[in-house]
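Undergrad: Please read through the structure below; I'll follow up with questions.
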Amino acid sequence: MLIKTSQPIILDRDKITLQIAKFWDQISEGWRVIWGKHIHHGFYENDQTISHDVAQHNLIIKLTELLTIPNGATILDVGCGMGGSSIFLAEKYQANVTGITLSQKQASIARAQAAKLNNVIFKVEDALALPSIPDNSIDIVWSLESCEQFFDKELFIQQAYRVLKPGGKLMLATWCSDREEYHDSDAKSYQKLCLAFDVPYMPTIEWYRETIIKNNFQVNTILDWSHHVKKSWDIGVSLVNAYSFLKLLKLGGLRGLRFAKQIKLMRDAFIQEKVKYGVFVASKITDSHL
Ligand SMILES: C[S@@+](CC[C@H](N)C(=O)[O-])C[C@H]1O[C@@H](n2cnc3c(N)ncnc32)[C@H](O)[C@@H]1O
């Protein structure tokens, strides 16, 4: 058995898109109860002992430090979850933020959370098409742990290029594989991991670098934060273990229960360094910049 990490292992785009929307519709409320408003890793310095929500906040701060975000910037938060980053960016930078998710449930939770803000909106829209976002209209495309689930990651990078203003920045933080191909039992483990998280495929950091450059971006930053984030999964496993089977079932239904039981797979993959946490910042280059 051989699997290339740059190609989808789930071949039906419509089916996986629907499945992802349903997955988040089913588990987002339960996630909020168990974990909180953000659906991403935390950032830990060395063996820092901090709560997972502080660590998640720190991850966002670390990412913003890689960008220069002017007050009033126009930001597209692609794969916005329950709006955690969007609301932070709208409040801290008075940014005009549009958050995009596949899940109606997430969009409605995010709208309720942002009810007092008039500079953030949430839409249910596919990142691979972004039909409501005009060309050259965005200062920053923010994609925090959403690209994993995109069926066509290069198409997303091209959409980001389309909607960004010249010189605008793409920030992409995503789970990556440690190699281009897996064989035999490694291929089976990779496949199991992807299916558990509704991830069609997980390319390498190098694949992202090449693909971003190929699509007319200048790469400003590439980082591997695996060792800063992996502790999140230990905390995730302990949090989930604190809940009974029935409680997990009540909070997230059967899919939520299955997901909760499978997070150990991701913890182990980070421990074995098979999954890497890639962070990329890139600027849109146009002819006038060349
Ligand atoms: C792991 S969550 C991350 C959420 C958020 N960025 C955060 O950090 O809290 C993944 C998000 O990507 C979104 N997503 C996945 N595929 C998408 C697609 N094709 N178009 C738009 N959003 C998508 C999901 O709906 C979900 O909101």
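The values are calculated or read from the model by the stated rules, or taken from the named source; none is laboratory data. What you are looking at is a predicted structure, and each value in this text was computed from that prediction instead of being measured. Here the Cβ is made from the backbone with ideal geometry for all residues, glycine too, and neighbour counts use every protein chain on show.
Undergrad: Hey, which of the strands (runs of 3 or more DSSP E) in segment 1-104, taking only ones fully inside, have at least 2 residues that are touching a residue at least 60 places away in the same chain (Cβ under 8 Å) and surrounded by 19 or more Cβ atoms within 10 Å (Cβ to Cβ)?
TA: Working: elements: 2-4, 74-78, 96-101.
Output list reads 74-78.
Undergrad: While we're here: I'm trying to understand the selection: among the residues of segment 13-41, which are touching a helix residue (DSSP H, G or I) at 6+ places or on another chain (Cβ under 9 Å) and more than 11 Å from the ligand (Cβ to nearest atom)?
TA: 26, 29, 30, 33, 34
Undergrad: Which condition number in (1) of a type in the set (Val, Ile, Thr); (2) farther than 22 Å from residue 42 by Cβ; (3) more than 9 Å from the ligand (Cβ to nearest atom) is the one that residue 87 fails?
TA: If we test residue 87 against (1) of a type in the set (Val, Ile, Thr); (2) farther than 22 Å from residue 42 by Cβ; (3) more than 9 Å from the ligand (Cβ to nearest atom), just (2) comes out false.
Undergrad: Of all residues in segment 209-259, which are at pLDDT 85 or above, small (Gly, Ala, Ser) and buried (at least 18 other Cβ atoms within 10 Å of the Cβ)?
TA: 226, 232, 236
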